[in-house]
1. List, largest first, the extents of the alpha carbons of segment B:1-115 along their principal axes, each in whole Å.
2. Apply the a/c threshold of 1.5 to the C-alpha gyration tensor of segment A:26-104 and tell me whether it is rounded, prolate or oblate.
3. So for the pair A:PHE33, A:LYS63, with labels modelled 7 Å out along Cα→Cβ, what separation do we get in nm?
4. Roll a 1.4 Å probe over the protein heavy atoms and report the accessible area of A:TYR49 in Å², nearest 10.
5. At 7 Å along Cα-to-Cβ for each site, give me the label-to-label distance between B:ASP141 and B:ASN400 in nm.
6. Take the alpha carbon gyration tensor of segment A:49-180, find the square roots of its eigenvalues, order them as a ≥ b ≥ c, and report rounded if a/c is under 1.5; if not, report prolate when a/b exceeds b/c, else oblate.
7. Quick one: which residues, 5 or more positions from A:VAL59 or on another chain, have an amide H under 5 Å from its amide H? H modelled 1.01 Å from N in the peptide plane, none for Pro or chain starts.
8. Report the one residue of A:VAL70, A:GLY113, A:LEU125 whose Cα lies farthest in the direction of the positive end of the charge dipole of segment A:49-180 (charges on C-beta: Lys and Arg +1, Asp and Glu -1; origin at the Cα centre).
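The values are calculated or read from the model by the stated rules, or taken from the named source; none is laboratory data. Predicted, not measured: the structure shown is a model, and the values here were computed from it. With ideal geometry, Cβ positions are generated from the backbone for all residues, glycine too; neighbour counts draw on all protein chains shown. Accessible surface is based on the protein model in full, side chains and every heavy atom, while ligands, DNA and RNA are left aside. Shrake-Rupley method; radii C 1.70, N 1.55, O 1.52, S 1.80 Å.
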Amino acid sequence: MNETPVWASESFWKKTAIWVTAGAFLILVVLTFDSLSQTSAGGKRVPAYSVINKKIDYVYDAKLHKFMPVIGEQELLFGKEFSETEAEQLVMLGKKTTQAKNCMNCHTLLGNGAYYAPDLTKAWLDQGWINKEAREKMMIEFLMHPEKNARTFGSNRKMPNLGITEDEAKGVVAFLKWMSSIDTNGFPHNFKTINAEE
Amino acid sequence: MNAKELCEKSRASMSEFKTWVALDVSNLSPGQQLAVKYFSVAVILFFAQLLFGMIAATQFIFPNFLYGWLDFSVNRMVHINAMVVWMLYGFIGCTYWLLEEESGTEIVGLKLGELAFWVLTGAVTLVVLVYLLIQTGAGKDSTLWFINEGREYIEAPRWADIGIVIVMLIFFYNVVATFSKGKWSGIAGVLTLDLVALAGMYTAGMFYMTNITHEQFWWWWVIHLWVEATWEVLVGVIMAWSLMKLLGVKRQIVTTWLYIEVALMFGSGILGLGHHYFWIGTPEYWLAIGGFFSALEPIPLVAMVVHAMYDAGSHSFKNSNHPAVAWIIAQAFGNFFGAGVWGFMHTLPQINLYTHGTQWSASHGHLAFFGAYATINIAFFYLAIQHWRGGVWMSGGTANAWRWKWALGLLNAGVLGMTIALLIAGYEQSFIERATEGSSWGGYFAAQNHPSFQSAMVWRWFFGLMTFSGLILLIWDLLTIGKDETRKVQEIIQH
Ligand code: HEM
Ligand code: HEM
Ligand SMILES: [Fe+2]
């Protein structure tokens, strides 16, 4: 019989498998360090938690051909200016609440999760909160008593009461406000914010 | 009825059941006995998965169904967690099954392995009970430690994470010590390194982070590097071994193929991770890297189809376990279509911008998980039951062969039907919610209320029922197949 050519031999593919895997993994590790440092809170892509003291918008950037978050003037949350540590504490409470209440198994956050309820990436900016004066109060009431404040748009799908306390609700609102300021490379596209109406 | 009576009654029905199934454990080696324990729990969890999937699917049509008692979030969590866990049980079972034969010696530390099985199963039971009965907690660490972590697919609370890691370490010890005592082979080497990576990935998902971009970054390390890298390679190992055992393919051929698959799969899948880093806040270079490498991921899946079909064809499909071979073929195609084709369809960022987080993902998720991982496990269940029955002939021509054929047909047609229904829903969502309405709250519901979405949910429900009945038939078949068969399997000759 003829000899097996190199490209069909076991040892050739064994070596290839090892080198390809090691190479790909090495590149991933390098990119991971870079991505994590570029996305730590307080950087350009992921703002500091104290961004909850500011006005946040999301508008189309014609030069970049995509929607971009825009961080504006002061626009306090719950009428209070939070220091960086306080803001982080509040957002942390909110983030833990979203995990403890399992939000992600109905909603998507940054587009990941379940598809039974709306995406929360830009929930803070949604026109569903009618206007900016009513927004904070509506959000708190909704989170604490979703079954009574449901706007199901005729779908009958109501969020259940998850026993969210007032403090937790405030944390969640802060978390949502902070999340809406993250630069998500233009996702979601074509989103019209609550500011657009003014 | 008091506790004692209840206890006696269940013991009595248990022994009745044992007489009925008439399976004889003495047909199995010690490692195989542990493997079938894992398989049994896997099948029970598979059943739970579909049961809770049906409830969740019902809630899409009747949102008030069990509202406030078992909300969608709970049902969905149980649905996908049961899936991940039963598949892992299946994989662990497969590994114990082939360990002795592949290493040529008995399993080192089997007693510890047995103990680990009971610990893991106890923990899983407890976790599920807490999911169902306690459901949610306050927004504090204690909830994440003891109730659930609220992170899709890996919701298990932290205490369970740690338990799982310990059990995995014991499992590794069994695997590594056994191969070291017996002999190593190409298959053994790939298997061991892959298991190390698989468990290592899991630890990336065990930390709390307030920064959601970082949190999702690591979360995808677990989910993506599992299903599109380590699990895929594990299936390659199981497939290689099965082709050798079932069809008598030469070891050198399957080993070479296995290395090719590893190179292609890890070469594309590791950096393909980037297709989840388009929109979570991570830098723009991921659009290019993720798009490019994930677009290559179908290549190894094509290679796997070619491999399986070529080997099966060149051995004229001659084998004595027809259901297992049928499910292996289903795996090759299901993996290719579910992961390769359905994955490719939405993996480029230009498209993913509109499909991301819609029923599109669910369509792909169903066909991929079923096609790639449910199928291979089912194939192995048939392999196991054949030995458990004492190595009897299992063909398409035996008395109750309609059962496995119908189970195969119903399960595959059911999942395919659900996949198509969800694809239609996903298209509609991409157009209306994503492209036109810009993913607002109102746009979301405009898409959900659209007649094509609503009818898709009804179709999904019926195809779900078809899938579920397929599973019930499958379980019945697994318990009864080969019962009255006296013909023995033929010796498989490697050539
Ligand atoms: C057997 C292998 C695979 C399995 C089990 C699988 C499963 C899944 C699941 C369950 C999701 C949804 C995750 C979530 O809940 O958010 C998903 C997402 C995704 N998968 Fe796969 N997948 C596999 C292979 C692939 C391949 C080979 C590709 C590409 C060629 C691919 C492309 C994608 C993309 C682009 C997404 C993101 C969807 C989105 O943006 O929402 N997958 N996969
Ligand atoms: C009785 C049949 C089934 C029914 C009725 C069913 C129903 C569902 C429902 C309602 C969801 C939630 C989707 C959403 O968030 O909108 C879901 C998610 C999911 N199911 Fe199933 N399912 C079934 C079978 C299966 C099977 C056989 C598999 C895989 C082996 C599977 C894997 C998944 C996965 C991976 C997800 C998460 C998808 C994602 O997030 O993209 N399901 N299923
Ligand atoms: Fe992926």
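1. Ordered largest first, segment B:1-115 gives principal extents of 56, 39, 24 Å.
2. Oblate is the answer for segment A:26-104, as a/c is 1.5 or above yet b/c matches or exceeds a/b.
3. 3.2 nm
4. Spelled out: A:TYR49, probe radius 1.4 Å, area about 10 Å².
5. Simple spin-label model gives 5.4 nm for this pair.
6. oblate
7. Placed amide hydrogens put A:MET68, A:VAL70 under 5 Å from A:VAL59.
8. Positive-end residue among those listed: A:GLY113.
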